Amino acid sequence: FSTQSQPPQNPLQANLPQPQQEVPDVPPPKTHGNRFLDLVEAVKPHINEITVEDLQQWIADGKPVHVIDVREPIETHKGVIGDPIRIPRGVLEVQIERAVPDVTETIVLYCAGGNRSALAAESLGKMGYTSVYSMIGGFRAWAQSLQP
């Protein structure tokens, strides 16, 4: 028992890694459940997808595009693509209108492996966005493309 006043611990932050600790790796795609993967496969015929190479070309050509990282903040320690708009998948529908008010502007979404961004692309399409792409393979594919 201590009589010193300590700030109450926020239970939502209790198990988060501390800055000096190594951030755990995000599980690889093979750990996803079958129902989740079935859901992703069901939306793919209804969305646009873009390859890493095509996005790299768009960026090199100066094509106007909003690149949105839908990963959770804890996942971005491995890097990001350029200077993306960062909106975690869980709040995308709430925050997208402030980030990209014009539904006709081109948006490329990416996550770690391309699954959550596919679901996000479907959702934005339902919200009226007309030029939305999910990047195939996600950030893992982007990082692999930069390897010599």
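All conditions in (1) under 22 Å from Ser145 (Cα atoms); (2) part of a helix (DSSP H, G or I); (3) of a type outside the set (Lys, Arg); (4) without any contact (Cβ under 8 Å) to a residue 60 or more places away in the chain hold for Gln56, with the sole exception of (4).
Residues in the stretch 120-136 that are buried (at least 21 other Cβ atoms within 10 Å of the Cβ) and in contact (Cβ under 8 Å) with a residue 40 or more places away in the chain: Ala120, Ala121, Val132, Tyr133, Ser134, Met135. Take the conditions (1) more than 26 Å from Gln147 (Cβ to Cβ); (2) in a loop (DSSP other than H, G, I, E, B); Glu93 misses just one of them, which is (2). Pairing residues of the stretch 61-74 that are without any contact (Cβ under 8 Å) to a residue 40 or more places away in the chain with residues that are basic (Lys, Arg) and surrounded by 12 or more Cβ atoms within 10 Å (Cβ to Cβ), at Cβ distances under 8 Å and at least 6 apart in sequence or on separate chains, gives Glu72/Arg89; Pro73/Arg86. Checked against the criteria, Thr106 does not count as at pLDDT below 95, touching a Lys or Arg at 6+ places or on another chain (Cβ under 9 Å) and within 23 Å of Leu146 (Cβ to Cβ). If you go through the stretch 96-128 and pick out every residue that is among the small types (Gly, Ala, Ser) and not in a helix (DSSP H, G or I), you end up with 4. Does Ile74 meet the test of being of a type in the set (A, V, I, L, M, F, W, C) and in a helix (DSSP H, G or I)? The answer is yes for Ile74. Going by what's in this entry, would Ala99 be described as among the hydrophobic types (A, V, I, L, M, F, W, C) and surrounded by 13 or more Cβ atoms within 10 Å (Cβ to Cβ)? So Ala99 passes the test.
Taken over the stretch 92-119, the criterion of being without any contact (Cβ under 8 Å) to a residue 12 or more places away in the chain and aliphatic (A, V, I, L, M) is satisfied by Val94 alone.
Looking across the stretch 76-90 at every residue that is within 11 Å of the chain's Cα centre (by Cα) and either surrounded by fewer than 13 Cβ atoms within 10 Å (Cβ to Cβ) or touching a residue at least 60 places away in the same chain (Cβ under 8 Å) (or both), the one that is nearest to Thr51 (Cα to Cα) is identified as Ile81.
The values are calculated or read from the model by the stated rules, or taken from the named source; none is laboratory data. Only a predicted model underlies this, so the values are computations on that prediction, with no experimental measurement involved. Positions of Cβ are generated from backbone atoms using ideal geometry, with glycine treated the same way; all protein chains shown enter the neighbour counts.
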